[in-house]
């Protein structure tokens, strides 16, 4: 589950040199007021709302897949590959997100948007028509590439097409759109599956991506959108080698769980973890294209401890989002719509608690630690409540997990950025969402190993699901504990949050 603030660091990598565009009265910059009627009359507000549909398509699809999984596995089989559905999607989004900000310096924004939307629609079409789980995963990879690019291009579009004076308002609208998507995705998947078919759930996004590609060509017709705009400085090189290592590492880890064999699986896990270490090593060697700040996992600084917390909790919390609905329907015959409400409630808790604690920066240390404890409690609680099948208790665990992220993440991000060296603060702000996505990809792959080793390698049945439910969440409790320890260390910084205010 990724909230809008997790991508806020992306646009920091693009230049901000255009201050007055399209009928916006720049005399209002000093007062931070926006004439929304004038903005609408100029067509810019409508153009922005359209651009933001890329966020809606990507985020809704990302959160939808969990609730269609039970019906999809029932038709396609391949329960051993369930973990891949999120891992492969996140990999595509990571690569596309890293590329989009650089491509707009060489290829027009409109062209990038059209290609991204068509990629997204193609991936959704493959998912909707796939006769096998293997082809479905190929579609998910293409979807991830298109969706990740659409999100990144939406943030680039703000900088390229709109005045700096209204950026806060536009990012606020993006946050609202992301909140709607996080809530509606699981419900859309459940409703479409109940009324029609899981295939129609992806069919909706096929039509949506196609419509957005056509509309992008027609609507994005301004000079800023139809020609490349070269950055003031030299565009940083694309981190091909690092991302290639990351992709291979995640695939190796995920492959370890497909056909469980002690020697083979152990070797693949070791190679995959080594590939992850190599990814971080290569990234540190490339200062002009690096994705992470220095001292990434060193607990000597709040940056390292904070990034450890991000990584640990991102990996540890994937299990419910990937396997929760599948286990609940297999074990307890809980309706898909109910599971959709539970997953949506997790997102709602994240959003609401983020708002409630936003005005309490003087207690950031306590808030970060309490949030970490809530997340860890949710992870451990699922190990008891999922086998039990108690909907109220499962809902409580979901609220704990989502609410813990909601109260801890904004302050943790600020601590990480505030504690980074001055010349690395932009990298640090963008590193949090990147680490989240990597954590989700690795976590989904590891969850697949645990689930298959616990019984899903023999197929989907009640006994296998019962065994998987007992082990799947317990296996990640140690990472939850690690996240809590990292939270204690990260919150021990003496540098006030106001330092970056």
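The values are calculated or read from the model by the stated rules, or taken from the named source; none is laboratory data. Being a predicted model, the structure only gives us computed values, none of them experimental. Here the Cβ positions follow ideal geometry from the backbone for every residue, glycine too, while neighbour counts run over all protein chains shown.
The set of residues from region 78-127 being touching a helix residue (DSSP H, G or I) at 6+ places or on another chain (Cβ under 8 Å), surrounded by fewer than 21 Cβ atoms within 10 Å (Cβ to Cβ) and not in a helix (DSSP H, G or I) comprises 78, 108.
Inspect all residues belonging to region 142-157 and state whether any of them is outside any helix (DSSP H, G or I) and either closer than 21 Å to residue 239 by Cβ or modelled with pLDDT of 80 or more (or both). No, every residue in region 142-157 fails to be outside any helix (DSSP H, G or I) and either closer than 21 Å to residue 239 by Cβ or modelled with pLDDT of 80 or more (or both).
Applying the condition of being modelled with pLDDT of 85 or more and more than 18 Å from residue 387 (Cβ to Cβ) to region 452-479 and asking which residue is surrounded by the fewest Cβ atoms within 10 Å (Cβ to Cβ) yields 478.
Can you pull out every residue in region 420-451 that is outside any helix (DSSP H, G or I) and surrounded by 23 or more Cβ atoms within 10 Å (Cβ to Cβ)?
Once the filter is applied, which keeps residues that are outside any helix (DSSP H, G or I) and surrounded by 23 or more Cβ atoms within 10 Å (Cβ to Cβ), region 420-451 yields only 420.
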